[in-house]
Amino acid sequence: MSDLKKLYEVVQQRNNGDKEFLQAVEEVFESLEVIEQVHPEKLDDDVLARIVEPERQIIFRVPWVDDNGVTHVNRGFRIEFNSALGPYKGGLRFHPSVNASIIKFLGFEQIFKNSLTTLPMGGGKGGSDFDPKGKSDAEVMRFCQSFMSELYRHIGPNTDVPAGDIGVGGREIGYLFGQYKRLKNEFSGVLTGKGLTFGGSLVRTEATGYGLCYFTQALLKDNGTSFDGKTVAISGSGNVAIYACEKATELGAKVVTMSDSNGFIYDPNGIDLACVKEIKEVRRGRIKEYVETHPDATYTAGARPWQTPCDIALPCATQNELDLEDAKALVANKVFAVCEGANMPTTPEAIHYLMQNGVFYAPGKASNAGGVACSGLEMSQNAQHLSWTREEVDARLQKIMESIFETCRDTAKEYGHEKEYVVGANIAGFLKVAEAMKAQGTV
């Protein structure tokens, strides 16, 4: 039995039942087997054993009072996974599905994602099983203030810099930042995704969706094509999906689907993004409302959009949303590329099927790194007390995403797995972190 398989068994025993985390570790280890075969000297048992164990796991109670005076108690998490490359960096997710396994998988993925950006950021993640949907602004504010009343002890601009994720947008970041400032009596770059009036960065809202398209554009160009004239299927209708739709359309594609947790819309004329923004960002409504004003569009309840014929699929909703049956449908419809906008949205079986059938597949740790890359740029602006123009930030973001693609491509080729971008992403991300960990000793 190889050392990697032995270590994975140890990880399974220690994290019994944490299926999302184990899935993320297994995917990385599958790629590291390539190193084991080609350059075994680059795998260090000490580093491997440490990199799969978080440096710190914080779980805490979050009591808050609703508008009717009723007290509720949620659970808060912050997993500070690895600080070899810089302060812990990763978002906060507020969603009923949040548990330790999901936060650990997200934090583990974040280590390698942040490594690929080349910016000085470690990996971490956090959140709560609180659901902001249907809550008033006052209720969300009280929850955020309670959440930060514990989290503030563990974070700081040179220690741990959270950002937003599912359920945590500009409103939530503002409330969290205000409470941190009040408790610490300091104005610092402790959170990213802040409003533009108090230290935020231009393009941060759009960064994950734009970055996904910049990465995909680089992949398409390297394989002799482009977005121009392509049909694109997108899942989700949150921040990532909206701005992926916007940028893909700008680059010449026709986006025909978007979705939420209840179902998906299909518009053969191309998604009317202004309408989606009105529904999701202004009214906080459901995606099915789209068909009320678009007679050619259809809504399918309880389904995902992957049966829809498309050239490019961009899963931007949540983990494990694209399974083997979806992959078979995409292949049957001659999809060219699947690039992840969400974290681990494709199941392992689906990934293998796509790659075995010649579909170009890009893992989220590479293709959705635009959000954290722009967060890193926000950290730089905060540290220098500067504010860059929209054009400057967007140009830097595009350059970072193109560089990530080139790193994935070149590393995969170096290790004998040309065009297998998941292998390139995992190996390149791991080697940089491993080198830093070795240099810092057993800490």
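The values are calculated or read from the model by the stated rules, or taken from the named source; none is laboratory data. What you are looking at is a predicted structure, and each value in this text was computed from that prediction instead of being measured. Cβ sites come from the backbone with ideal geometry, for glycine too, and all protein chains shown count toward neighbours.
Overview of results
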| item | result |
| --- | --- |
| Those helices (runs of 4 or more DSSP H) lying entirely in the range 205-300 with at least 1 residues more than 26 Å from Cys374 (Cβ to Cβ) and modelled with pLDDT under 95 | none |
| Near pairs, Cβ below 6 angstrom, 6+ apart or cross-chain, from the range 309-327 (free of Cβ contacts under 8 Å to residues at least 60 places away in the same chain) to any residue that is among the acidic types (Asp, Glu) and outside any loop (DSSP other than H, G, I, E, B) | Leu324/Glu349 |
| Single residue of the range 338-376 satisfying the filter (of a type in the set (A, V, I, L, M) and surrounded by fewer than 24 Cβ atoms within 10 Å (Cβ to Cβ)) that is nearest to Lys125 (Cα to Cα) | Ile351 |
| Matching helices (runs of 4 or more DSSP H) fully within the range 362-418 where at least 3 residues are of a type outside the set (S, T, N, Q) and free of Cβ contacts under 8 Å to residues at least 24 places away in the same chain | 390-414 |
| Condition check for Val372: in contact with a helix residue (DSSP H, G or I) (Cβ under 7 Å, 6 or more places away or on another chain), outside the structural domain of Glu325 (by TED's automatic domain parsing) and not aromatic (Phe, Trp, Tyr) | yes |
| Selection count where residues are within 20 Å of Gly229 (Cα to Cα), of a type outside the set (Ser, Thr, Tyr) and surrounded by 24 or more Cβ atoms within 10 Å (Cβ to Cβ), scope the range 256-273 | 2 |
| Test: residue in the range 279-302 that is exposed (fewer than 15 other Cβ atoms within 10 Å of the Cβ), under 18 Å from Lys230 (Cβ atoms) and in the same structural domain as Ile242 (by TED's automatic domain parsing) | no |
| Any hit, the range 147-167, residues being charged (D, E, K, R) and surrounded by fewer than 19 Cβ atoms within 10 Å (Cβ to Cβ) | yes |
| Matching helices (runs of 4 or more DSSP H) fully within the range 1-116 where at least 2 residues are out of contact with any His (no Cβ under 7 Å at 6 or more places or on another chain), outside the structural domain of Arg153 (by TED's automatic domain parsing) and more than 28 Å from Arg409 (Cα to Cα) | 3-14 |
| Of residues in the range 301-316 being among the small types (Gly, Ala, Ser) and assigned to a loop (DSSP other than H, G, I, E, B), the one farthest from Tyr361 (Cα to Cα) | Gly302 |
